[in-house]
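Undergrad: Just passing along the structure, written as structure tokens.
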Amino acid sequence: MLVMDYSENGNLYDYIKEKDRFVLDWIKIIEDCCELSRILDSLHSRNLVHGNLHGGNVLSTVEGFTISDMGLGHPADEIPFMKIYGVLPFVAPEVIRGERYTPSADIYSFGIIMWMLSSIQLPFADRSHDLELAKDIINGLRPTIEICMPELFLDLMTRCWNENIEVRPTSNELVKLLTEWKYALQNFDYYTMEDYNHLIISQVDEVDDVYMDTNIIRSHNIHENAIYTSQLIDFCSLRRINHLNESPIDALLKRHLIDIIPYEQFSEIQLISHGGYSSMYSAFWKERGIKVAMKMFRDVFNLDFGFLSSLNSCLNLRNYEIGSEYYGITKDPISHNYVILMQYFEAGNLYNQTFLNWRGKILSLLKISLKLKEIHGLGLIHKNLHGGNLLPIYNNNGNEYEWFITDTGITKSNCYKLYGVLPFMAPEVLIHNNFTQSSDIYSLSMIMYIILTGFKPFNNKVHNIKLATNIVLNQKRPDIFSISLDNIPNDYLKLLKQCWSHNPINRPNINQIIDILEDWITQLDHRSCTRITEQFVKCEKSGFTDPANFYICEDDDSYYSRNFTDWKKDLCFY
């Protein structure tokens, strides 16, 4: 006989079914998640796994929620490979594929529970819990996010259910983050706007403003074959979906009905540049008679961030004129690396451009900002915005550039691995790997700096851990004092400094930036005698700083994306 936990208030399923209308209490949600993470960590810290975490064993109590069946936890290596007892929507994709159950599989289940607590819904309630659902989960299907959430919470939740187990946080990391947020929300009077933990406070306030204590209505219609009680899942019967183990990329290509173009179609292949996880080539596409750009990814089976993120962005944004035109996929027959085929830009990137006057500078900055607005308008984050992926092309008039943003790591969530170009990476990204739309604004400030000076940011510094520490700890920014202030419009300098503010909350959003830039262009075009036009006309007459006054760093590789994941442990204490 087993003595089991009993709760008069029922479990998480009961809690959700009783709520047909509710007001979201984000402080309570984070407190509940914090307590559940602490209980899970008590298992993982003893090298045990729960093995069957789902809404039925998350029990509702007067104080909040707790986890039952804790006494059934056991070492992961004792769980049979091909059989498991569980509830399909909570089972991690790698376990469905028949791989060994690890603590990361518990974390996946925890992510689904975070979604339930914040959405007040049952996962996949509208469909049968069968082989087709198992296939879709392996292919990346997750519960739909309909509720507006604090970005930090959303990032953590989606990390928990990420396909790549390396991206998922540990239970200890969950406890640490959720405890910090809980304490910040309970003691918000102790935090100033400059404190990092004020970010969760402001994000919760923003979400609360969206709903303004409005009742959210739910109708809990459940498919007759949606099963929320544990059952024996025999993965031997699911072997026919194991072909998806070839790589996550194959599943992505099949989902989007993408054909692979034969590599023999391409000639005159020449290296343009290389970065931390990819190399860019130019090539001639014989069948279409055009020159194309080829982005080749190395070690594709281990590249969740690189290829999948960029490819998924290309596929999902094909209907938007944000990035370069996407042509398809090919595969190198020798290295077996996948290659994304894109539009080739003869004019290079932002680093190759010169601007003859201030109107041209502001207009280019405005067009770049409008592209970033399209990304943010979709609820996405670029995450890797720098001068090397801003590509110009002359418009039909031949006298002005149109700008495109490419080389995207566009995503709604964080990635465990930290890639980027150091001078463009916001302090909070370097410390906590917390990408937000505000961190894109920080990157945009460095683009403003390039357009202002004509030089790459920190081109006179070695891009090492010392520079990263100075950016984080001492709020180091690129040198603008070598430039005579007579050459910099005051309002431009003010906007630049706001965009690279150490505190993300103090940075303007992309809509505010666009409003300012459009106003400047209007005043310059109308040649009206205003404070703005006087500033820009004065700077136009003053000329510009002699480039010989700057030391140019010869290490151009520093301005391609690199892997900074190993630096996180050295920066996390700041």
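The values are calculated or read from the model by the stated rules, or taken from the named source; none is laboratory data. The structure presented is a predicted model; accordingly, all values stated were derived computationally and were not measured. FYI the Cβ positions are ideal-geometry reconstructions off the backbone, even for glycines, and counts take in every protein chain you see.
Undergrad: Please work out if ILE113 is modelled with pLDDT of 90 or more, over 18 Å from the mean Cα position of the chain (by Cα) and under 18 Å from TYR228 (Cα atoms).
TA: Values: modelled with pLDDT of 90 or more: yes; over 18 Å from the mean Cα position of the chain (by Cα): yes; under 18 Å from TYR228 (Cα atoms): yes.
So ILE113 fits the description; yes.
Undergrad: Could you grab me the full set of residues in the range 522-538 that are among the hydrophobic types (A, V, I, L, M, F, W, C) and outside any helix (DSSP H, G or I)? Let's see the steps before the verdict.
TA: In the first step, residues of the range 522-538 are kept if they are among the hydrophobic types (A, V, I, L, M, F, W, C); the result is 524, 529, 532, 536-537.
The answer is CYS529, and nothing else.
Undergrad: Please work out if LYS182 is without any contact (Cβ under 8 Å) to a residue 12 or more places away in the chain, in a helix (DSSP H, G or I) and surrounded by fewer than 19 Cβ atoms within 10 Å (Cβ to Cβ). Even if it seems obvious, please write down each step before you answer.
TA: Working: without any contact (Cβ under 8 Å) to a residue 12 or more places away in the chain: no; in a helix (DSSP H, G or I): yes; surrounded by fewer than 19 Cβ atoms within 10 Å (Cβ to Cβ): yes.
Against the criterion (without any contact (Cβ under 8 Å) to a residue 12 or more places away in the chain, in a helix (DSSP H, G or I) and surrounded by fewer than 19 Cβ atoms within 10 Å (Cβ to Cβ)), LYS182 does not qualify.
Undergrad: Condition check: crowded, with 18+ Cβ neighbours inside 10 Å, closer than 20 Å to GLU224 by Cβ, assigned by TED's automatic domain parsing to the domain that holds CYS34 and touching a residue at least 60 places away in the same chain (Cβ under 8 Å). Does LEU133 satisfy that?
TA: When the stated conditions are applied, LEU133 does not pass them.
Undergrad: Take ILE113 and decide whether it is surrounded by fewer than 22 Cβ atoms within 10 Å (Cβ to Cβ) and touching a strand residue (DSSP E or B) at 6+ places or on another chain (Cβ under 8 Å). Show your work before the answer.
TA: Working: surrounded by fewer than 22 Cβ atoms within 10 Å (Cβ to Cβ): no; touching a strand residue (DSSP E or B) at 6+ places or on another chain (Cβ under 8 Å): yes.
It is false that ILE113 is surrounded by fewer than 22 Cβ atoms within 10 Å (Cβ to Cβ) and touching a strand residue (DSSP E or B) at 6+ places or on another chain (Cβ under 8 Å).
Undergrad: Among the residues of the range 336-378, write down those that are in contact with a helix residue (DSSP H, G or I) (Cβ under 9 Å, 6 or more places away or on another chain) and over 18 Å from ILE447 (Cα atoms).
TA: HIS336, ASN337, TYR338, VAL339, ILE340, MET342, GLY377, LEU378
Undergrad: Out of the residues in the range 27-50 that are assigned to a loop (DSSP other than H, G, I, E, B) and out of contact with any Leu (no Cβ under 7 Å at 6 or more places or on another chain), which is surrounded by the fewest Cβ atoms within 10 Å (Cβ to Cβ)? Steps first, answer last, please.
TA: First pass over the range 27-50, keeping only residues assigned to a loop (DSSP other than H, G, I, E, B): 45-48, 50.
Add one more test, that the residue is out of contact with any Leu (no Cβ under 7 Å at 6 or more places or on another chain), and what stays is 45-48.
Working: SER45: 13, ARG46: 9, ASN47: 11, LEU48: 18.
Only one residue tops the list, namely ARG46.
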